[in-house]
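Please treat every number below as a calculation from the coordinates, not as lab data. What you are looking at is a predicted structure, and each value in this text was computed from that prediction instead of being measured. Quick reminder, even Gly has a Cβ in these numbers, built from the backbone with ideal geometry, and neighbours come from all protein chains shown.
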């Protein structure tokens with residue numbers, strides 16, 4: 001039985017981690033930390049947890065976490081773990097970081113896209129950006145991919161890796177539910193501005209763009225850039241990504257489909273669907289569902305990928321990475337049916 005700590009318990013991802021680990025047979029949540037509410041019971045802060053947990057909120061203390069736990073999860077906003085996680089990195093203590101602080105491998109790229117980083121390059125080099133459905137986690141500091149990045153990269157991996165598409169033709173239209181914006185209320189996330197509406201935001205400026213580009217270039221060094229846009233849709237949770245690219249002339253749709261099936265053959269949480277997937281197919285689960293369509297007139301491959309942003313796009317993938325790191329079956333604690 002492994003004991004873990006969750007830093008950032010009061011956020012959406014922190015609570016989702018707690019929900020997952022409540023049913024994980026090999027994990028005990030031993031400590032939960034936040035920036036306030038010290039000493040208060042979680043069940044008092046969140047009445048839905050009444051009679052389910054006796055945990056109380058603790059002030060962050062890296063020495064106590066390392067003494068009492070086997071791993072720590074940072075479910076914090078960007079700019080937090082780059083300061084709080086350094087002692088864990090120095091001690092080679094297992095960390096799963098759900099924030100964006102250690103996803104990129106160059107300080108100058110962070111400065112351009114996040115504008116709030118003080119992290120040193122030697123710490124970036126000790127982290128491992130890891131998509132749980134491609135390979136297995138190995139290092140003790142795992143940078144969990146972002147939600148948009150997860151859905152986009154899983155959609156593109158087989159075609160980019162196998163050089164099936166024109167790398168200069170990639171266009172991604174990504175849409176997110178409101179929980180992707182976090183709990184802090186803003187004008188753009190106010191109910192009256194979201195309900196019955198759709199809006200594009202962070203045009204050509206979303207912080208997940210560089211991590212997508214970084215990984216695509218690792219898979220295929222010829223990759224240079226992609227067109228990526230993000231929109232907010234009036235649903236609580238979920239990511240719906242539509243990706244378009246020109247197909248290289250010597251491939252047909254059957255070959256492409258076989259490549260996708262083969263790429264994820266041993267990965268239980270990526271499903272290559274015969275029909276185009278819907279967002280409701282994955283809500284509440286750790287699945288990424290992918291659908292493919294080809295237009296022979298325009299020579300364009302359409303790839304639709306859908307995930308739950310709080311599960312596969314955050315806490316679910318983090319637990320999958322944890323399972324890999326500690327040698328458990330990667331699906332342990334994650335076998336949820338879709339909500340509807």
Worksheet entry | Gain on full stretching of the segment that runs from residue 122 to residue 236 - 0.36 nm per residue minus C-alpha separation | 37.2 nm
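Per the Kirkwood definition applied to all pairs of different Cα atoms, how many angstroms is the hydrodynamic radius of the chain?
Numbers: mean 1/r = 0.0488 Å⁻¹.
So the Kirkwood estimate lands at 20.5 Å.
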Worksheet item: What relative contact order, as a whole-number percentage, does the chain give when Cα pairs under 8 Å and 6 or more residues apart are counted?
Response: 17 percent
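Computed FRET efficiency, Cβ-Cβ of residue 53 and residue 111, R0 35 Å: what is it to the nearest 0.05? Mind showing how you got there, number by number?
Values: r = 40 Å, r/R0 = 1.14.
Step by step, r from the Cβ atoms, then E = 0.30.
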Worksheet item: 222 nm [θ] for the chain, helices only, -39500 (n - 2.57) per DSSP H run of 4+, per residue, to 500?
Response: -7000 deg cm²/dmol
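Under the definition of Cα pairs under 8 Å and six or more residues apart, what whole-number percent is the relative contact order of region 2-126? Intermediate values should be presented prior to the final figure.
Working: 203 pairs, mean separation 28.7, N = 125.
Contact order relative to length: 23 percent.
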Worksheet, complete the sentence: Note to self: C-alpha centroids of region 30-65 and region 290-337 sit apart, in Å, by 30 Å
Discussion item. Please rank 306, 270, fewest neighbouring Cβ atoms within 10 Å first, as an exposure proxy.
Written reply: 270, 306
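Using a Förster distance of 25 angstrom, determine the FRET efficiency expected from the C-beta separation of residue 274 and residue 166, and round it to 0.05. Before the final figure, lay out the partial values.
Details: r = 25 Å, r/R0 = 1.02.
That gives a FRET efficiency of 0.50.
Between residue 339 and residue 229, what length comes free when the chain is fully extended (0.36 nm per residue of separation minus the Cα-Cα distance, one decimal in nm)?
On the way: separation 110, 0.36 × 110 = 39.60 nm, distance 2.78 nm.
Extra length available between residue 339 and residue 229 comes to 36.8 nm.
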Discussion item. Highest mean first, how do 86-98, 150-162 rank when packing is the count of other Cβ atoms within 10 Å averaged over residues?
Written reply: 150-162, 86-98
Worksheet entry | Potential extension, residue 326-residue 201 segment - 0.36 nm per residue separation minus Cα distance | 41.2 nm
Fill in: Among 330, 28, 68: highest mean-square fluctuation, GNM of the chain, C-alpha pairs under 10 Å
68
Worksheet item: If R0 is 25 Å, what FRET efficiency do you get for residue 91 and residue 1 from their C-beta distance, rounded to 0.05?
Response: 0.70
Worksheet item: Within region 147-309, what percent of beta bridges assigned by DSSP are antiparallel, to the nearest 5?
Response: 70 percent
Practice prompt. Kindly state, as a whole number, the per residue volume in cubic angstrom of the convex hull around the alpha carbon atoms of region 2-126.
Written response: 104 Å³
Fill in: Candidates 291, 238, 39: whichever shows maximal mean-square fluctuation once the chain is modelled as a Gaussian network with Cα springs under 10 Å
39
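Mind ranking 4-12, 124-132 by how tightly packed they are, going by the mean number of other C-beta atoms within 10 angstrom, highest first? Can you show the working numbers first?
Working: 4-12: 24.2, 124-132: 19.8.
The packing order, highest mean first, is 4-12, 124-132.
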Fill in: Distance between modelled label sites at residue 217 and residue 138, nm, 7 Å Cα→Cβ extension
2.1 nm
Worksheet item: Hey, what did region 285-340 get for relative contact order, percent, Cα under 8 Å, at least 6 apart?
Response: 36 percent
